[in-house]
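Engineer: Here's a structure for you.
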Amino acid sequence: MTETVLSGMRPTGPLHLGHYSVIENWIKLSETYDCYYFTADWHAITTQFDATDNLAQNKRNIVIDWLAAGLDPQKCHIFHQSDIKEHAELHLLLSMITPLSWLERVPTYKDQIRQFRDQGKDIATYGFLGYPLLMAADILMYRPFGVPVGEDQLPHLEFCRELSRRFYALYGAEVFTEPKALLAQISMLPGIDKRKMSKSYNNFINLSADEKEVKDKIKQMITDPERIRKTDPGHPDICCVHTYHGFYNKQQQAEITENCRCGAIGCGECKNCLSAKINEFLEPVRERRAALEEQPHLVDEVIEAGNTAARKVAVETMVMVREAMKI
Ligand code: SF4
């Protein structure tokens, strides 16, 4: 039997180039495993409970972004978390057996509360405290073999594994797996200003960007500030454009490094070359997006099929959970 892998993303807005490596990893995993990928819309509400106007559209758009980026719905199941109500039931039942201290000690909990408070928003809600538990319910529901995670998400996965063990200790039923961390080599693309790529800094290039948007964003990129004239020797190691060449123009990066150091290439030319490479990279993404726009029912069909597959597993899991808990 093919082993199951599960992962999700919050639909908080358009995906950017920084997300591509995550999707690329999803595509790779779907070649080997039975993969379930979901839009974590209830998770989005934990922090954006006051801004849900665009949530439905964002959910759909993120699926379009995934498909445009090359995720093949014939090789994985794509669904919306909130369409599978069993997630809410499992979250509720697991909340009865989760010690409060487990939630309070999640490393990101206090950090995020502080970060949002600095922006004038109080997210210290019951729902936000419980988000690692909702995440655990999302994962355990599909009894996966593994979950693709970054180093920073390991505590969340450990929380999930601990919960699986606690359920077994309390009810003696092996309903859940203890999912492994599938540590992905996700390349961290910096923002165009060299800071961490983030929506709040507006320093990213969307996967849906057209040619002009790409050019405009590249024009804004921070280069070597000491380089005034083309003939000035440059320092490519401190230049954001150079870093991006490493991602999108690997073949020419060494040549650009040399030409920059000896003042043989101007920053304008170097940026134009990068824009062309990123546009080349985005071309197939744009083509797939255009095809989906022409036939929007295809997106609905993908979600419908994914929901059906996810619901089937979720219903089976909940039968076992209720039985184990003698409900
Ligand atoms: S030539 Fe290219 S790598 Fe060198 S500083 Fe200018 S933009 Fe950066």
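Engineer: Please report the Cα spread of the range 209-288 along all three principal axes, rounded to whole Å, starting with the longest.
Structural biologist: Dimensions of the range 209-288 along the principal axes of its Cα atoms: 42, 23, 17 Å.
Engineer: Calculate how steeply helix 297-324 sits against the longest principal axis of the alpha-carbon atoms of the chain, using the helix alpha-carbon long axis, and give the answer as 0 to 90 degrees to the nearest 10.
Structural biologist: 40 degrees
Engineer: How large, in Å, is the range 58-151 by the Kirkwood hydrodynamic radius built from its alpha-carbon pairs?
Structural biologist: One over the average 1/r among Cα pairs gives 15.7 Å for the range 58-151.
Engineer: Report the Cys residues of the chain lacking a disulfide-compatible partner, meaning no second Cys Cβ under 4.7 Å from their Cβ.
Structural biologist: By the Cβ distance rule, which asks for a partner under 4.7 Å, the isolated cysteines are Cys160, Cys239, Cys240, Cys260, Cys262, Cys267, Cys270, Cys273.
Engineer: Report the charge-dipole magnitude of the chain in Debye, nearest 20, computed about the Cα centre from +1 at each Lys and Arg Cβ and -1 at each Asp and Glu Cβ.
Structural biologist: 640 debye
Engineer: Can you pull out the GluC sites (Glu not before Pro) in the range 146-181 that DSSP calls coil and that have at most 13 other Cβ atoms within 10 Å?
Structural biologist: Here the GluC sites (Glu not before Pro) that fit, given the DSSP loop and packing criteria, are Glu174.
Engineer: Another question, then. Test of understanding: in a Gaussian network model of the chain with alpha carbons linked when under 10 Å, which of Glu213, Glu226, Glu86 would top the mean-square fluctuation ranking?
Structural biologist: Highest fluctuation of the listed residues: Glu226.
Engineer: Can you give the percent of C-alpha pairs in the chain whose distance is more than 32 Å?
Structural biologist: Of all Cα-Cα distances in the chain, 37 percent exceed 32 Å.
Engineer: Within a Cβ distance under 12 Å of Glu86, other residues only, what is the Lys/Arg minus Asp/Glu net charge?
Structural biologist: Residues near Glu86 contribute 0 overall.
Engineer: Between 0 and 90 degrees, rounded to the nearest ten: what's the tilt of helix 55-69 against the longest Cα principal axis of the chain?
Structural biologist: In the chain, helix 55-69 runs at an angle near 60 degrees to the longest axis.
Engineer: Run through the range 178-208 and list the trypsin sites (Lys or Arg not before Pro) located in a DSSP loop whose Cβ has at most 16 other Cβ atoms within 10 Å.
Structural biologist: Details: sites: Lys180, Lys194, Arg195, Lys196, Lys199; in loops: Lys194, Arg195, Lys196.
When the trypsin sites (Lys or Arg not before Pro) of the range 178-208 are filtered for loop state and at most 16 Cβ neighbours within 10 Å, Lys194, Arg195, Lys196 remain.
Engineer: Please report how far the C-alpha centroid of the range 86-102 lies from that of the range 287-321, rounded to the nearest whole angstrom.
Structural biologist: 26 Å
Engineer: Distance between Cα centroids, the range 46-63 to the range 173-220: provide it in whole Å.
Structural biologist: Each part's Cα centre sits 18 Å from the other's.
Engineer: Compute the acute angle (0 to 90°) between the alpha-carbon long axis of helix 267-294 and the principal axis of greatest extent of the alpha-carbon atoms of the chain; round to the nearest 10°.
Structural biologist: The two axes meet at around 40 degrees.
Where a number appears in this text, it was derived from the coordinates with a stated rule and is not lab data. All figures in this text were calculated on a predicted structure; none of them were measured in a lab. Cβ sites come from the backbone with ideal geometry, for glycine too, and all protein chains shown count toward neighbours.
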